[in-house]
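Presented below is the structure to which this report refers.
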Amino acid sequence: MLDTFLGFIKYIFSFDPNSPLLFTQFQFWAFFALVFSVFSLMHSRVLLRNAFLFFISLFFYYKTSGWFTLILVFTTLFNYVNAFGIEKSKGEAGKKVFLISGLIVNLLTLCYFKYAYLFVDMVHSIFGIQLQVFNAFAWMGNEIAGVPKFSVDVILLPVGISFFTFQSISYLMDIYRKRITPVKNLLDFGFYISFFPQLVAGPIVRAKDFIPQLHKKFFLSRRQFGIAIFWILNGMAKKIILSDYIAVNFVDRVFDNPTMYSGFENLTALFEYSLQVYADFSGYTDIAIGVAMLMGFYLPKNFNSPYKAKNAGNFWKRWHISLSKWLQDYLYIPMGGNRNATFGTYFWIITIALIAVILSGNLWVAAIFILIALILTVVVAIKPEKLKKITTNLNSMNTMLLGGLWHGASFNFVIWGGLNGVGMVIFKFWRDMNIYVRTLVIFIVTAIFAVLDYCYPMPIFNIAVVWTGVTFIGTFLRMLYNLCGFAAELKWLETIWAVLQTFTFITWTRLFFRSGSNLDPAEANETAWNTAKDMVNQIGSKWDTSVIPDMVYAYRYVFSLFVIGMIIHWLPENFKRRYRLWFAMMPLPLMVFVVVVSVFIIYQFITADLQKFIYFQF
């Protein structure tokens, strides 16, 4: 009996890297039920409540990441002390010294774990020196333990390090800008950094938005309780029914072996991955928002139906909103924003260009960057008034490229970020053209790709001809109904067209995002590039359309979920708000019944192995 009890205690307080504590596990909800029960006894005592949640959050992170909890503790202690240095410094120079030192320590910690392999690859590519990564933290752990407990030859990425590092940076920046004052109590500050619902995958909580909540008394109305339960169920359904089921039963299989599947299957897997990654990430956010709300805390909205976006720029105002706003406030605007270029503008574009050339190992990439630079130089020389527009676009491109690197230290993430930046820049030029110029431009582009496809038959040119050709047909038809005076009557059709075009563009950029995900950094570049190339070759090659009906039937459950998921996503926001409120205000016995039935249905879709949330790796 005693051995059984001790075994249970050991299980509770041990870390299993193969079974981290996930929102989709029964163990998490047992953990939260216990936490919420204790929380209910002390919620009126603010200091005790915050201290309790801080230590519970550390325990949660330990069950998710093991000894990496020490990194979280270090980040907490360092930024707590550094913030007082910024506030108490007399002159501006002293404040900047503490701010810059704080930024350097935070970014170096992040870069060490996230970009060590990138640095090793670059040194090898430039100098031919074969370096080996060295895990200094593992070495220190071995020295302390007196035995070789940890591997020093591998650097693993702590779960959520990007999120709590960005929160720490926003805290220091907001104190420097005098938007907030430092948190006096270390336990309160630790709670802000480590609040467990959003700790490992966001949303990124801004200091000026969350810190005022630290000292507010607990309040949860009947309607807020219902909304919180709705968000939790909604997130669970997204994660388990849409994301995990689609991934395990179709998407992962195709991405793992693209050449074993047809062009149709590769293309549908690409589109279904767009739904999968949205359902996965927004599902986590929904659960985090619901759990936090039950405890009286409010996290920012992180998604706003992103696949309703009518252009790439609008998409990034709807997708991962907390990261987009963070990049805008702490990167895009300091670089000059839409006002002018700064030293940072040119520094970052040159640095990222060099990284891209080194990672690709291809001189053609260098030639493309040089050609673009020459074209921009000539344009500015001929039309100086274009300089402001060009620098604005450079700042946008820098932001997206760095956003790509934030997601991972491999060339595929640079490509993904760059493509999103290109999409934003092209739309700005497209927006400024009248419909007749647009029609002419897209016709010329389609013709160029058609000639290239004829002279140099390649799958990529075949895809480009189809895509630009469809875009030309849509643009031409719009020109016709404009000439006929039907522009106002057919505005709804224009909106649908823009949404579908944007969704298609974003989906194609995800080819590079997905190809490098969940890979060892040492092999990410080559494997990701081969996966992307194989999928493009399959999609761009000739299809056997006669077997498509059989394929659709074979994957009928997956395809049905995709269609249902997209229909729900595209429902009007007012309609969604109404059924959220309807759920929140239903009688409690009925709500309990609906919750039980919903949980039963959701868990019918659960896979053999619970899938980690995609953004844990970032």
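The values are calculated or read from the model by the stated rules, or taken from the named source; none is laboratory data. Treat the numbers as computed from the prediction; the structure is a model and nothing was measured. No Cβ is skipped: glycine too gets one built from the backbone with ideal geometry, and neighbour counts run over all protein chains shown. The protein model used for the area step is the full one, side chains on, heavy atoms only, and it has no ligands, DNA or RNA in it. Shrake-Rupley method; radii C 1.70, N 1.55, O 1.52, S 1.80 Å.
Return the label of the correct value of log10 I(q)/I(0) by the Debye sum over Cα atoms at q = 0.08, 0.09, 0.10 Å⁻¹, as calculated from the structure shown, out of (1) -0.81, -0.98, -1.15; (2) -0.61, -0.75, -0.90; (3) -0.64, -0.83, -1.03.
Correct label is (3).
Quick one: grab the alpha carbon gyration tensor of the stretch 145-241, order the square roots of its eigenvalues as a ≥ b ≥ c, and give me rounded if a/c is under 1.5, else prolate or oblate depending on whether a/b is larger than b/c.
Oblate shape, in that a/c is at least 1.5 and b/c is the bigger or equal ratio.
For the stretch 25-136, give the percent of accessible area contributed by carbon and sulfur heavy atoms, probe 1.4 Å, rounded to a whole number.
Numbers: 4390 of 5780 Å².
Here carbon and sulfur together make up 76 percent of the probe-accessible area.
Within the chain, which complete DSSP H helices have Cα atoms spanning at least 27 Å along the helix axis and a mean Kyte-Doolittle hydropathy of 0.5 or higher?
46-65, 69-88, 92-127, 263-294, 363-382, 411-432, 435-455, 459-483
How are the Cα pair distances of the stretch 231-388 distributed, in percent, across 10 Å bins from 0?
9, 21, 27, 25, 14, 3, 0
For the pairs 308/576; 178/208; 208/308, note any where the Cα-Cα span goes beyond 21 Å.
Correct reply: 208/308.
Which far-off residues, 5 or more places away or on another chain, put their amide H under 5 Å from the one on residue 204, with H placed in the peptide plane?
Long-range HN contacts for residue 204: 322, 323.
Report the accessible area of residue 92, computed with a 1.4 Å probe over the heavy atoms of all protein chains in place, in Å² rounded to the nearest 10.
It works out to around 100 Å².
Find how much the distance from residue 47 to residue 575 grows on full extension, using 0.36 nm per residue of separation minus their present alpha carbon separation; answer in nm with one decimal.
Contour length minus Cα-Cα distance gives 186.1 nm.
Applying a 10 Å radius around every beta-carbon, put 179-188, 314-323 in order of their mean neighbour count, most first. List each step's numbers first, then the result.
Values: 179-188: 16.3, 314-323: 20.7.
Listed from highest to lowest mean packing, they are 314-323, 179-188.
Please list, ordered by chain and number, the residues whose modelled amide H lies under 5 Å from the amide H of residue 336; skip anything fewer than 5 residues away on the same chain.
For residue 336, no residues qualify.
Starting from the Cα of residue 500, step 7 Å along the direction of its Cβ; do the same at residue 371; then give the gap between the two resulting points in nm.
With each label placed 7 Å out from Cα toward Cβ, I get 3.2 nm.
Could you check the simple spin-label distance between residue 430 and residue 553, using points 7 Å along Cα→Cβ, in nm with one decimal?
Computed distance between label sites residue 430 and residue 553 equals 3.8 nm.
Checking the a/c ratio against 1.5 first, then a/b against b/c, what shape does the Cα gyration tensor give for the stretch 374-451?
Since a/c reaches 1.5 but b/c is at least a/b, the shape of the stretch 374-451 is classed as oblate.
I want to check the label-to-label distance for residue 480 and residue 178. Put each point 7 Å from Cα in the C-beta direction and report it in nm to one decimal.
Result: 6.3 nm between the two label points.
Between rounded, prolate and oblate, where does the stretch 195-235 land on the alpha carbon gyration tensor, with a ≥ b ≥ c its root eigenvalues, rounded for a/c under 1.5, else prolate if a/b exceeds b/c? Walk me through the numbers before you get to the answer.
Numbers: a/c = 2.75, a/b = 1.19, b/c = 2.31.
Since a/c reaches 1.5 but b/c is at least a/b, the shape of the stretch 195-235 is classed as oblate.
Between residue 27 and residue 259, how high is the FRET efficiency from 1/(1 + (r/R0)^6) when r is the Cβ-Cβ distance and R₀ = 60 Å? Nearest 0.05. Each step should come with its number before you reach the end.
Working: r = 39 Å, r/R0 = 0.65.
So, using R0 = 60 Å, E works out to roughly 0.95.
Just subtract the alpha-carbon distance of residue 215 and residue 383 from 0.36 nm times their residue separation and send over the number in nm, one decimal.
Length difference between fully extended and current span is 54.9 nm.
Could you calculate the contour length gain from residue 70 to residue 445, that is, 0.36 nm times the residue separation minus the distance between their Cα atoms, to one decimal place in nm?
That works out to 129.6 nm of additional length.
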